[in-house]
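Take a look at the structure below.
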Amino acid sequence: MRKAQGLRVVAGALAISFAYSPEKEDLVKAEVAKFNASGATVNGKKVFVQPINIASGDAETKIAHSRFKPTVWSPASSFWGRLANYESDKPLTASDNPSLVRQVPSSAD
């Protein structure tokens with residue numbers, strides 16, 4: 001086993017690096033812990049999410065200059081993805097990246 005930010009990674013696991021901005025820390029830590037404990041597998045390999053708490057600007061600069069390559073990146077704003085595309089002159093992030101939104105019923109419903 002190897003460790004990822006204090007978490008035990010099972011040897012041979014499919015590791016998904018998930019970089020996220022600091023304001024999401026409480027939510028991400030809880031959800032990643034639940035997912036990693038679920039025993040999820042793909043093609044017989046355990047899937048393990050490696051959370052990486054990093055400021056959006058730091059991540060953007062490193063990603064744009066190929067010094068950081070997370071599997072998934074969740075910056076504080078879609079602005080950071082557009083800036084990474086501009087600075088790298090490559091389509092690193094989708095041009096249309098909507099936020100995840102859940103419709104909340106109004107009191108009139």
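Anything in the stretch 25-52 that is surrounded by 12 or more Cβ atoms within 10 Å (Cβ to Cβ) and part of a loop (DSSP other than H, G, I, E, B)? List them, or say none. Give the steps one after another, and end with the answer.
First, pick out the residues of the stretch 25-52 that are surrounded by 12 or more Cβ atoms within 10 Å (Cβ to Cβ): 25, 28-29, 31-33, 35-36, 40, 45-52.
Of everything in the stretch 25-52, just one residue is surrounded by 12 or more Cβ atoms within 10 Å (Cβ to Cβ) and part of a loop (DSSP other than H, G, I, E, B), namely A40.
Has the stretch 53-62 got any residue that is in a strand (DSSP E or B) and either at pLDDT 95 or above or more than 14 Å from the chain's Cα centre (by Cα) (or both)? Quick ask: steps written out before the conclusion?
Of the residues in the stretch 53-62, the ones in a strand (DSSP E or B) are 53.
Remaining after also requiring either at pLDDT 95 or above or more than 14 Å from the chain's Cα centre (by Cα) (or both): 53.
So far as the stretch 53-62 goes, yes, one or more of its residues are in a strand (DSSP E or B) and either at pLDDT 95 or above or more than 14 Å from the chain's Cα centre (by Cα) (or both).
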Item to check | Which numbered condition N85 fails, given (1) modelled with pLDDT of 95 or more; (2) assigned to a helix (DSSP H, G or I); (3) not β-branched (V, I, T) | outcome: (1)
Checklist outcome for this item: Only unsatisfied item for T93, checking (1) modelled with pLDDT under 95; (2) in a helix (DSSP H, G or I), is (2)
Next on the checklist: Please go through the stretch 55-76 and give me each residue that is among the aliphatic types (A, V, I, L, M) and surrounded by 19 or more Cβ atoms within 10 Å (Cβ to Cβ), ordered by number.
Outcome noted: A59, I63, A64
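The values are calculated or read from the model by the stated rules, or taken from the named source; none is laboratory data. Note that the coordinates shown come from a computational prediction; the quantities given were computed from them, not determined experimentally. Cβ: placed from backbone, ideal geometry, glycine included. Neighbour counts: every protein chain shown.
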